[in-house]
1. Look through the stretch 187-224, keep the residues that are over 40 Å from the mean Cα position of the chain (by Cα) and within 22 Å of GLY276 (Cβ to Cβ), and return whichever of them is surrounded by the most Cβ atoms within 10 Å (Cβ to Cβ).
2. Can you find, within the stretch 171-186, the residue that is surrounded by the most Cβ atoms within 10 Å (Cβ to Cβ) among those that are out of contact with any His (no Cβ under 7 Å at 6 or more places or on another chain) and in a helix (DSSP H, G or I)?
3. Across the stretch 500-527, which residue is nearest to the chain's Cα centre (by Cα) among those that are among the charged types (D, E, K, R) and not in a strand (DSSP E or B)?
4. Scan the stretch 130-166 residue by residue and report those that are of a type in the set (Ser, Thr, Tyr) and either over 22 Å from PRO261 (Cβ atoms) or exposed (fewer than 15 other Cβ atoms within 10 Å of the Cβ) (or both).
5. Assigned to a helix (DSSP H, G or I), crowded, with 18+ Cβ neighbours inside 10 Å and at pLDDT 95 or above, is that true of VAL544?
6. What helices (runs of 4 or more DSSP H) lie completely within the stretch 91-167 and have 2 or more residues being under 30 Å from ARG713 (Cα atoms) and of a type in the set (A, V, I, L, M)?
7. So which of SER221, SER233 is in the same structural domain as LEU353 (by TED's automatic domain parsing), polar (S, T, N, Q) and at pLDDT below 90?
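The values are calculated or read from the model by the stated rules, or taken from the named source; none is laboratory data. Keep in mind that this is a model prediction, so the values were computed, not measured. Here the Cβ positions follow ideal geometry from the backbone for every residue, glycine too, while neighbour counts run over all protein chains shown.
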Amino acid sequence: MDSGMSERVHKTGIEPDTAGDGSSAELVALQQRSDRRRDGRGNPTLSLPHATSAQAVEPGTPLDDPALYFNRELSWLDFNWRVLYQAIDERTPLLERVRFLSITASNLDEFFRKRVGGLKRQEAAGVRQLSPDGRTPSEQLHLIRAGVLRQYESMNALWEEELKDALRRQAAITIHDYDDLARAKRSQVDDFFAQHIFPILTPLAVDPGHRFPFISNASLSLAVVLGHPKRGSRHFARVKVPVRKGRWVPVEAGEGYHFVPVEQVVTANIGSLFRGMEVESVHPFRVTRNADMRREEEDVDDLLEMISEELRERRFASVVRMQVDRSMPQGVQHWLMRELGLSDSDIYVSDGLIGLASCAELADLDIPAHKYPGWEPVHHAQLVADSDSESRGSILKLLQKQDLLVHHPYDSFRGSVQRFIEEAACDPDVVAIKQTVYRTSEDSPVIKALMRAAERGKQVAVLVEVKARFDEENNIEWGQRLEKAGAHVTYGLVGLKTHAKATLVVREEEDGIRTYCHVGTGNYNSDTARLYTDLGLLTTQPDVGQDVVNLFHYLTGYAPEQQYRRLIVAPRDMRRRFEEMIEREMENERAHGNGRIIAKMNGLDDVQLIRKLYEASQAGVSIDLIVRGRTRIRPGIPGISENIRVVSIVGQFLEHHRIYYFHNHGDPEVYIGSADWQRRNLDDRVEAVVDVQSRRLRARLIHILRAALNDRRLAWDLQPDGRYVQRQPRTRAEELGYHDRLKLWAQQRKEKAQAPWDIS
């Protein structure tokens with residue numbers, strides 16, 4: 001480390017790591033699916049294929065030049081490569097590799113529904129507006145297809161050539177082809193078909209008397225070509241494959257688990273559906289429908305009614321992708337394309353299993369030896385271990401003495417945030433509870449607690465966001481149940497999504513009214529709290545309480561011009577405040593040489609903020625960005641972004657929390673909250689971040705950031721050309737990844753009841 005960097009580390013207290021400079025212990029072979037490269041020291045690094053296409057940057061390029069920005073959609077595909085690598089990496093437990101493969105496929109499903117569907121709408125409307133990287137919708141769709149084809153090739157090869165065999169050898173999970181089964185086993189599977197599958201199948205013929213059937217989104221279908229033995233005519237029928245109870249039909253074939261894909265079982269018995277006809281061929285296919293519904297909210301009187309209507313419309317939205325088996329004849333494929341309004345660019349041919357997301361069912365098998373070691377979230381050190389005990393201490397009384405910072409899934413959600421809401425619902429002195437709900441679990445204990453509170457006569461107000469993509473139906477149902485329990489429910493704001501994560505508890509005490517608040521980064525979802533990393537601040541500080549009171553007045557009433565002291569709220573103030581803090585670091589760099597920014601988030605695509613970060617880099621500010629998913633920013637460009645580093649962490653848990661650190665000339669400001677630095681968060685959503693003023697809690701957040709920046713097991717460094725290069729451990733200690741390190745620290749807090757980052 002040079003003397004200048006040493007000085008910067010001394011002043012800021014957080015050391016920026018270098019990109020991909022470690023020697024390799026044992027690089028996992030990606031065969032032709034990845035590139036072997038060497039860094040400046042000659043050490044091997046691992047670089048994945050990438051969809052992002054970087055453009056040349058000339059000296060003196062203005063900061064609004066499209067060459068300085070990656071394409072958002074291609075950057076997302078590169079994120080999905082990093083997810084897929086978890087399935088490729090042999091260091092990942094086997095069933096978790098299968099799970100990551102299913103996640104990669106599921107991610108692509110959503111990508112086509114949301115992103116590709118939106119671009120196709122733009123293309124059909126003749127939109128010529130360029131994206132910030134200078135591409136039209138048609139150009140983006142062309143590049144997306146090339147990137148997806150390469151990803152599909154790797155996914156199919158991984159499943160067919162590696163994972164299926166590894167499951168058989170290592171975990172005694174055998175995936176059989178129906179045609180390879182012995183006669184007795186075929187008979188067993190046929191009996192299963194007759195009893196459990198045949199009664200629910202509905203063959204749909206297509207002829208002058210039968211219209212082409214509606215094919216629902218993500219459904220697996222069989223295209224059946226039939227011949228009439230007497231007339232010599234050919235016919236087509238569609239059979240929907242029933243997968244509601246699972247994709248895999250069990251087979252009794254000795255020790256271990258044995259399965260046959262359900263579509264093969266249906267195919268083998270398809271003749272029983274078409275007696276008197278000759279089955280010429282059967283071919284699986286799967287369609288994906290557009291989810292990008294256009295809303296006209298300005299004139300809507302009832303937002304709930306509009307969203308309910310949109311859900312009905314989405315079911316019949318246009319098809320944006322069809323996956324077919326390679327054996328499907330061109331004639332059948334073209335006929336399907338014509339009926340569904342598709343072109344060649346919408347067809348994705350598979351050499352194996354169609355719909356790899358269903359591999360999640362195999363990953364759920366109870367074989368602990370091939371999964372991540374079990375992790376039970378730790379109850380906060382200041383709270384009693386048994387959160388179910390009737391003699392437990394009051395979390396509300398504890399908050400009267402100190403703020404709490406909870407970090408899920410390392411800290412228990414059930415024993416902290418859920419407990420906070422449940423205790424408030426039962427406390428006779430609590431008079432009101434208010435909460436925002438964006439996504440929650442199906443059997444939500446949080447919502448049930450709010451319902452109990454309303455039934456006990458407390459004033460309960462809930463902002464239920466019915467525009468949360470793919471959770472609209474679930475949220476509408478919860479909202480209606482809350483209303484029946486007596487809660488006041490607001491179904492979002494016209495023109496804005498409410499993405500802020502906040503709870504307000506109002507309690508009458510001897511010295512007057514006291515407010516208790518939770519402001520967090522994640523949803524009030526007890527299920528995802530075990531899988532997503534999120535932070536939450538629990539506090540009774542009056543200024544935070546007043547801000548949250550004002551926030552709910554804005555959300556449930558007509559009060560858009562609220563003033564906030566500790567919260568930064570979008571779209572009202574957030575963009576301006578973040579830009580001001582970036583400019584302050586530029587001033588500190590010029591005056592003191594210690595400008596420093598660290599930001600951790602899910603995505604970064606806001607062009608205006610990226611330009612400001614480029615300006616800060618040009619001023620000499622040291623900037624580390626920890627961005628899990630997509631980003632438009634190009635780090636490491638001389639004269640523009642050479643002081644910007646971008647790292648992505650992908651592993652067991654989904655990195656979801658947002659932390660923003662500004663050095664502020666030795667008086668750091670650290671914020672947590674719901675907003676990423678994406679245009680939609682800053683302009684189109686109600687978001688909230690809060691500054692953490694407790695020196696002890698702020699130090700803990702800085703410690704989390706330091707651990708992320710120094711990780712060499714899960715971290716990928718973004719290069720100026722768009723490649724992501726995985727860091728490699730240099731020592732045995734560095735083989736302990738970021739998530740495992742945070743687990744270890746959580747256990748230490750539990751055992752010692754004192755965090756290792758506590759400072760005097």
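1. If we take residues in the stretch 187-224 being over 40 Å from the mean Cα position of the chain (by Cα) and within 22 Å of GLY276 (Cβ to Cβ), then HIS210 is surrounded by the most Cβ atoms within 10 Å (Cβ to Cβ).
2. Taking the stretch 171-186 and keeping what is out of contact with any His (no Cβ under 7 Å at 6 or more places or on another chain), we get 172-173, 175, 177-186.
Filter once more, so that each one left must be in a helix (DSSP H, G or I): 178-180, 183-186.
Details: TYR178: 20, ASP179: 10, ASP180: 9, ARG183: 7, ALA184: 9, LYS185: 17, ARG186: 17.
Within the stretch 171-186, the match that is surrounded by the most Cβ atoms within 10 Å (Cβ to Cβ) is TYR178.
3. If we take residues in the stretch 500-527 being among the charged types (D, E, K, R) and not in a strand (DSSP E or B), then ASP527 is nearest to the chain's Cα centre (by Cα).
4. Residues of the stretch 130-166 of a type in the set (Ser, Thr, Tyr): 131, 136, 138, 152, 154.
SER131, THR136, SER138 - these are the residues of the stretch 130-166 that are of a type in the set (Ser, Thr, Tyr) and either over 22 Å from PRO261 (Cβ atoms) or exposed (fewer than 15 other Cβ atoms within 10 Å of the Cβ) (or both).
5. Values: assigned to a helix (DSSP H, G or I): yes; crowded, with 18+ Cβ neighbours inside 10 Å: yes; at pLDDT 95 or above: yes.
So VAL544 passes the test.
6. Helices (runs of 4 or more DSSP H) meeting the threshold: 94-111, 137-158.
7. SER233
Residues checked against (1) touching a strand residue (DSSP E or B) at 6+ places or on another chain (Cβ under 9 Å); (2) crowded, with 21+ Cβ neighbours inside 10 Å; (3) in a strand (DSSP E or B):
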residue: GLU583; (1), (2), (3): no, no, no
residue: ALA599; (1), (2), (3): yes, yes, yes
residue: ASP624; (1), (2), (3): yes, yes, yes
residue: GLY629; (1), (2), (3): yes, yes, no
